[in-house]
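Novice: Have a look at this one.
The values are calculated or read from the model by the stated rules, or taken from the named source; none is laboratory data. In this text the structure is predicted, and so the values were computed from the model without any measurement. Here the Cβ positions follow ideal geometry from the backbone for every residue, glycine too, while neighbour counts run over all protein chains shown. Areas reflect the complete protein model, heavy atoms only, side chains present, ligands, DNA and RNA absent. Shrake-Rupley method; radii C 1.70, N 1.55, O 1.52, S 1.80 Å.
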Amino acid sequence: MSKLNLFLLLFLLSFSLLAAQPVDGNPPNRQNGHESQTGNHSLLLAQSEPLSNRSVERDHDTFTSTRGGVEIVSSDGEFFAIIGGRLLLDAAYYDEDKNSLGNGTEIRSARLDMEGRLFADIIYELSVDFADGDADMKDAWFAYDAQHPWRFILGHFKEPFSLEELTSRKHLTFMERALPNALVPGRNMGLGLQWYGEQLSLAAGIFGDDFNDDSDDEGDEGWGVSTRATYAPIATERSVVHFGVSAAHRKLDDEEAYRVDIRPESHLTDVRYLDTGKIKQSRTLTMVGLETAWVYGETSIQAEWMASNLERDDDTDVEFSGWYVQASWFPTGESRHYKHQPARFGRVKPLSEQGAVELALRYSTLDLTDQDVEGGNSDQITVGVNWYYKPQLRFMLNYSLVKNDEFADADGDLENEDEPKIVQLRAQVDF
Amino acid sequence: MSKLNLFLLLFLLSFSLLAAQPVDGNPPNRQNGHESQTGNHSLLLAQSEPLSNRSVERDHDTFTSTRGGVEIVSSDGEFFAIIGGRLLLDAAYYDEDKNSLGNGTEIRSARLDMEGRLFADIIYELSVDFADGDADMKDAWFAYDAQHPWRFILGHFKEPFSLEELTSRKHLTFMERALPNALVPGRNMGLGLQWYGEQLSLAAGIFGDDFNDDSDDEGDEGWGVSTRATYAPIATERSVVHFGVSAAHRKLDDEEAYRVDIRPESHLTDVRYLDTGKIKQSRTLTMVGLETAWVYGETSIQAEWMASNLERDDDTDVEFSGWYVQASWFPTGESRHYKHQPARFGRVKPLSEQGAVELALRYSTLDLTDQDVEGGNSDQITVGVNWYYKPQLRFMLNYSLVKNDEFADADGDLENEDEPKIVQLRAQVDF
Amino acid sequence: MSKLNLFLLLFLLSFSLLAAQPVDGNPPNRQNGHESQTGNHSLLLAQSEPLSNRSVERDHDTFTSTRGGVEIVSSDGEFFAIIGGRLLLDAAYYDEDKNSLGNGTEIRSARLDMEGRLFADIIYELSVDFADGDADMKDAWFAYDAQHPWRFILGHFKEPFSLEELTSRKHLTFMERALPNALVPGRNMGLGLQWYGEQLSLAAGIFGDDFNDDSDDEGDEGWGVSTRATYAPIATERSVVHFGVSAAHRKLDDEEAYRVDIRPESHLTDVRYLDTGKIKQSRTLTMVGLETAWVYGETSIQAEWMASNLERDDDTDVEFSGWYVQASWFPTGESRHYKHQPARFGRVKPLSEQGAVELALRYSTLDLTDQDVEGGNSDQITVGVNWYYKPQLRFMLNYSLVKNDEFADADGDLENEDEPKIVQLRAQVDF
């Protein structure tokens, strides 16, 4: 039986498991003991009528709210919907050394997001980013959420790998993720299983390729599995000790080409110093990651190491690895907010009317040179100042020193050993 | 006078008709006798102020609701808005015979939808699908809806042709529409007139090309007319007898090229066995379709036949035709839900907490070979199992046998007489 | 110090200014004296929890409303959200002279729009147009709005230049803007400062390139400044006297190529008679514009003149200029609605159930020929009839005579001295 047959089998199996779950498992959001799932909502389902006959039911039993977006919840908590979005505006100035990087401005992210809950058990999210002038699908999944603390999730979402990757861009300490995050799998189509306890969290999934990767060829898609386990012996409001380990294995698609390339930690330029080029005859990829984070009041430290091993047809494996360590401090007294259920960081809320200020420092390094692959090595030091004017509004200033080695030449397109400095600004709002 | 002048004249005429309608015709959605159309809503129109001066009026006379999306209605029923969407997630495994089809996963549909009513008379819908990584406009129309049972509709919407085509993908019995539906016109820019009675329904329209077909050349767009008439002598909740006939005629655009190609009834692969190639010097296209559907309790039968005749400059007509027949049975006791006003099928609502199960079987065939055009012939048998876990959530499993003839070679790109088997899965939610 | 350093400095400076503003400045939208910004909304911010733990707070202190879209406001007026959109449907018939223009239909605009207010001080807008089959970002900005009548605005928005440009397409008198508006800067990424008084308005901004212009090269983006000042000694509901002047200066990006091309005042065709081609070695662009508008009851007059001067490396400047004048009359008694705060025109509200009718006439001319640049000259006379059936619904009919000179040949692609006539129809709804 091929691995894809296995994949389908797992798919089916999970569906059956989903079916077998009794529905009285008290999902976390139910706000009262309403048993009936066919109360006033069943009326609403009559709405698959022609639009001329449709109308919104007069349902007094909903509550609405706004944080700048639209929120609506049924009184029994079994249905809700939230429509929101975000806007991230960047400017970058490159103090160039050897290569031209292209100063300018851009919309880093302009996203509309819709999420909600249906029939108590089912949650969904649909999120689209319009920042680069087309529609870039981000989260698009739904999940069975009635067997707390278990959750089945199906769709297009992030593979469970790396604290930095799983933390929303809205809540990252620096403007861009660290260099080694070029190695992580990111969002793919898949089926996941999550378990979140008080101190432990486990997440695993089986994933196909990205949702539209099949558009250009008729070979089979690749597929992979990812897992992440975290342990947080301390996770109070102002004090966190967090450890995590991720592992992933992926069968590449029938094209058998693998490539890693990454910009310096600045998105506005299109220059990607580190670039392995297309590595042919690549069969499988194995990745591991280690992560830790410490929060002690206003101070926090976070570090990750990750490595990937690429197996090729001629059995000459290639290995890439990188790591980063960062520290941050809030002179205004706030703490980084750790969410121990999904085991990642969340929103910082300023304590005063003047907002919160955060100072941060990061060192990151990634080495994409191994065997015959000369992808290059890059080190980057970044100093950051963040000002959280409101919980949903912040400004970021990043200053970076970049150091590229002799192979960091964008796969031959640029001069090597480039050492530019980068100044970047971001204004960010979410609603 | 050219046909396009005629088109414009009709356009204008309809507008005037629209104007001539008195507005006291009791649109179906008015929920009480409120005469005033300028009540608290007129206040809201002051909102074309600069945003700094805008604010939402404090209007207690609205009701909100949620089925996982957002719904809001004014107390007099003259205004409402619904924001919702859908997510369809597919996986397919191809048991290949001669050609590679490409196993994998995809987002089949990820749609945001906004619809509503203005000033009692006007309804609209705006619907965009993001599944393939850009923004694919679907329904984008508004209609004059004050003269029940008449409706004028203007915009981008489905031409009235074929029961299977007009039934929403959310409510189809199988994952994909049957092969002969490759012939139907689908969505175009147009002006339509609809009349829905108790047993009879009539719909007609005049249509230009698809909304952005004019992007690549400066020749005139094509245009066409479509009509559909249905008769349902029985249309109760669990018992339906439905007949329908559709006809359409289209003047092709100035490029005079016509092409039909279609995948086997599976969207994930990009292989289109049946492919006529570009048929040059094509002037006009005439299509007819016959449809019937029977529902008797848990059992239903549905069948359609359709054919198209392509007239070419050298008067050698080409004819294509196909048909399908399908049966379905709900062991759990539900019925397919026929909506006799728009004359198509709608949402199935499970009777029990365990959901509804539907077993289905379809045979479909399409022949695109005629005269010098060797588009191929394909037969397909599909067995389907659907599990409706909730009214808005279902899982589908389809198993198909495909039989291609010697001309079904993707216009020469593939080996002919391919006979693959297909296993497909879908998970679907709408909100 | 380079100009981009200057840009960044201004950027930072404005942020600090923003920070320095005390927040008790009574923003115009606060509907009562609620001082607390951390009332029930702070609860909502707990929503950056995992979705499984999220739910909409039961907040009775919001009010909802609908004009066909969704509107929600917090009781203290400090938060609100509006989700709406628009749909513009066009048909055009070209009575051709020498060149083919391509009759047909199109969706001119299909837009979803989300806007709102956060924490009393911050307003935002996110607007995406899907009319051409992808996602075209329009307004995407947020602003600090607590220091009335000042406003800081940051993001992707229209440079302050030209009355016709700043008036929303929804409220234009004719279907398309006049020919000379080909010269105006339009939307770009920038930082703006606005001040709106009783009679005077001032707006200025510093702008980078359009939000995704950096995608194809690594040269530095261009940047520019724009300002507009208006004076309206009379601005009552039915009587307006308005004068304005705009000026802009722009450093072109590192490609140093500049091009102006424009369709006749009809969007459906892709023919752009006036086309300068790529003007190489272009360094900077300086633009000026003069505008005036008079409203006297049912009658209005509006006129603008604008010119641009392009400086080239060889110091041979090129100058383009154009102007238009238009008059409109409402036989049904309405007035054009002038909004003296943002100094542009807004929504017309019909006085009777039968709607409003507007007759309009415009002459416009643009000359893109100067020195060695032979972009052509075009004159256009347009007669328009608008029928505002409801405040949010109108139909437009435009008839135009076009007169092109010997250089108006689409940069050599078409026959010159073409003199077509154009009939265009539009149906428009917004919600």
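Novice: In the stretch A:328-387, which trypsin sites (Lys or Arg not before Pro) are in a loop and have at most 14 other Cβ atoms within 10 Å, using DSSP for the loop call? Working shown, then result.
Specialist: Numbers: sites: A:Arg336, A:Lys339, A:Arg344, A:Arg347, A:Arg362; in loops: A:Arg336, A:Arg347.
Within the stretch A:328-387, no trypsin sites (Lys or Arg not before Pro) qualify (loop, at most 14 other Cβ atoms within 10 Å).
Novice: Kindly tabulate the residues in the stretch B:328-362 with an accessible-area decrease of at least 30 Å² between the chain alone and the assembly of all protein chains, using a probe of 1.4 Å.
Specialist: Those residues are B:Lys339, B:Gln341, B:Arg347, B:Lys349, B:Glu353.
Novice: Leaving ligands, DNA and RNA out of it, rank A:Ile262, C:Ile279 by accessible area with a 1.4 Å probe, largest first.
Specialist: A:Ile262, C:Ile279
Novice: Run the dipole for the stretch C:61-430 about the Cα centre, Lys and Arg Cβ at +1, Asp and Glu Cβ at -1, nothing else charged, and hand back the magnitude in debye, nearest 20.
Specialist: 2320
Novice: A further question follows. Roughly how big is the C-B contact, given as buried accessible area in Å² (both sides, 1.4 Å probe, nearest 100)?
Specialist: Rounded to the nearest hundred, the buried surface is 6200 Å².
Novice: Grab the eigenvalues of the alpha-carbon gyration tensor for the stretch C:61-430, scale each by 5, take roots, and send me the semi-axes largest first in whole angstrom.
Specialist: One finds semi-axes of 32, 27, 20 Å for the stretch C:61-430.
Novice: When the accessible area of the stretch A:61-430 is computed with all protein chains present and a 1.4 Å probe, what percentage of it is carbon and sulfur?
Specialist: Values: 5930 of 11530 Å².
The nonpolar share, carbon plus sulfur, comes to 51 percent.
Novice: Another question about this same structure. Of the GluC sites (Glu not before Pro) in the stretch C:285-394, which ones lie in a loop per DSSP and count no more than 10 other C-beta atoms within 10 Å?
Specialist: When the GluC sites (Glu not before Pro) of the stretch C:285-394 are filtered for loop state and at most 10 Cβ neighbours within 10 Å, nothing remains.
Novice: Could you give me the percent of Cα pairs per 5 Å distance bin for the stretch A:177-293, shortest bin first, beginning at zero and ending with the bin that holds the maximum distance?
Specialist: Final binned percentages: 2, 10, 16, 18, 18, 16, 10, 6, 3, 1, 0.
Novice: Still on this structure, I have one more. Measuring nothing but label to label, 7 Å from Cα along Cα→Cβ, what are C:Leu351's distances to the other copies in nm, shortest first?
Specialist: Label point to label point, same position, other copies: 6.3, 6.3 nm.
Novice: Report the Stokes-Einstein translational diffusion coefficient (µm² s⁻¹, integer) for the stretch A:316-414, Rh taken as the Kirkwood radius over Cα pairs, at 25 °C with viscosity 0.890 mPa s.
Specialist: Details: Rh = 16.1 Å.
Value of D from the Cα-based Kirkwood radius: 153 µm²/s.
Novice: So which of A:Lys278/C:Lys278; A:Lys138/A:Lys339; A:Lys349/C:Lys339 end up more than 27 Å apart, counting from Cα to Cα?
Specialist: A:Lys278/C:Lys278; A:Lys349/C:Lys339
Novice: What does the accessible area per residue of the stretch B:61-430 come to in Å², with a 1.4 Å probe and no ligands, DNA or RNA counted?
Specialist: Working: 11530 Å² over 370 residues.
With all protein chains present, the stretch B:61-430 gives 31 Å² per residue.
Novice: Could I ask something else about it? Sticking with the crude label model, points 7 Å out along Cα→Cβ, report the distance from B:Asp270 to C:Thr316 in nm, one decimal please.
Specialist: If labels sit at B:Asp270 and C:Thr316, their model points lie 4.7 nm apart.
Novice: May I ask you to derive the FRET efficiency for C:Leu290 and A:Glu255 from their Cβ-Cβ distance with R0 = 51 Å, giving the value to the nearest 0.05?
Specialist: Result of the calculation: an efficiency of 0.30.
Novice: Once the convex hull of the C-alpha atoms of the stretch B:255-308 is built, how many Å³ does it hold per residue, rounded to a whole number?
Specialist: 111
Novice: Let me ask you something else. How large is the Rg to Rh ratio of the stretch C:85-147 when both quantities use alpha carbon positions and Rh follows Kirkwood?
Specialist: Computed over Cα atoms, the ratio is 1.26.
Novice: Next up: How far is the Cα center of the stretch B:393-431 from the Cα center of the stretch A:365-431, in Å?
Specialist: 46
Novice: While we're looking at this one, here's another question. Please compute the average number of Cβ atoms from other chains found within 10 Å of each residue's Cβ in peptide C:420-430.
Specialist: Numbers: counts 0, 0, 0, 4, 1, 4, 0, 9, 1, 11, 3.
The shielding value for this peptide is 3.
Novice: How large is the Rg to Rh ratio of the stretch B:239-382 when both quantities use alpha carbon positions and Rh follows Kirkwood?
Specialist: 1.07
Novice: Using DSSP to define loop residues, name the trypsin sites (Lys or Arg not before Pro) in the stretch B:86-188 whose beta-carbon has at most 15 other beta-carbon atoms within 10 Å.
Specialist: Details: sites: B:Arg86, B:Lys98, B:Arg108, B:Arg111, B:Arg117, B:Lys138, B:Arg151, B:Lys158, B:Arg169, B:Lys170, B:Arg177, B:Arg187; in loops: B:Lys98, B:Arg177.
Passing sites in the stretch B:86-188 are B:Lys98.
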